[in-house]
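All remarks here apply to the structure that follows.
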Ligand SMILES: Nc1ncnc2c1ncn2[C@@H]1O[C@H](COP(=O)(O)OP(=O)(O)O)[C@@H](O)[C@H]1O
Ligand SMILES: [Mg+2]
């Protein structure tokens, strides 16, 4: 049986009955502000601090300073030190977008991961990555190849998928071929802010709970509440319907 990799979010690991399958590629989808980048940061941070596993954060969206700042804002005070010590390596927007030629940018990523002992990777985001391809077929073929390269290098990866304002966004359709797993982050507006939810729609080879669970973002990052565990503000009728 394959080993399971902890996501760094306890409640989510429970939903996944332990974590995500080693060397799988999991799509993390959601609208802007739903917590996808925070989740990626938490996955890499806890990978180092709790499992001594090195990680790579590839960002087409943000600069290294933004990522360090986001980690500090949720209380991961030594995140910067881990980056300094190359326990976590960040390839940020400036580095990735400096190359006008896409294959050179990807070569930079491959140079980083090949022959190194990384275990975890976050790509933030795939949506940006896809813009380099005009043809749908070419894009899909490339993404499959890319996913295989990540696996071949022993990486368990989160590929972040930035969705539009409407949920579900069927336009991307990556789920159909990047199918190791699908995690959605959802937010619904309320008078006092937002309600946040996580939904594991699919996880290949794993027995998962496909209900939608409430979550919060705060100090320590993302916390997912088990419905049975007395998240008393929630009742069936308050749940979002899609
Ligand atoms: N320290 C914090 N405490 C509470 N909420 C936070 C904190 N840091 C970030 N957030 C929330 O997380 C959201 C951003 O999450 P982020 O991971 O950047 O979203 P995404 O990558 O999906 O666009 C912010 O809109 C904010 O509401
Ligand atoms: Mg983000």
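All of the numbers you see were taken from the coordinates with simple rules; none came from a lab. All values reported here derive from a predicted model rather than from experimental measurement. Reconstructed Cβ throughout: ideal geometry from the backbone, glycine too, with neighbour counts over all protein chains shown.
Relative to the longest principal axis of the Cα atoms of the chain, the long axis of helix 136-152 lies at roughly 90 degrees. Relative contact order of the chain, taken over Cα pairs closer than 8 Å and 6 or more residues apart, is 28 percent. By DSSP, the beta bridges lying fully in the chain are antiparallel in about 45 percent of cases. With a cut-off of 20 Å on the backbone N, the residues of the stretch 134-159 near the modelled label site 7 Å out from residue 111 along Cα-Cβ are 146, 149-150, 153. Each stretch of four or more DSSP H residues adds -39500 (n - 2.57); spread over every residue of the chain, this sum gives -9500 deg cm²/dmol at 222 nm.
Based on Cα atoms of the chain, Rg over Rh with Rh as the Kirkwood radius reads 0.94. Largest GNM mean-square fluctuation among 87, 140, 54, using the chain with Cα springs under 10 Å: 140. With respect to the chain, whose longest principal axis is taken over its alpha-carbon atoms, helix 102-113 is tilted by about 80°. Summarised in one figure, the compactness ratio Rg/Rh of the stretch 1-92, Cα atoms and Kirkwood Rh, is 0.95. Projected label points at residue 66 and residue 10, each 7 Å from Cα along the beta carbon direction, are separated by 3.2 nanometres. Helix 36-51: angle to the longest alpha-carbon principal axis of the chain, degrees 0 to 90, nearest 10? Its long axis makes an angle of about 80 degrees. May I ask you to derive the FRET efficiency for residue 84 and residue 132 from their Cβ-Cβ distance with R0 = 30 Å, giving the value to the nearest 0.05? Given R0 = 30 Å and the Cβ-Cβ separation, E is 0.45.
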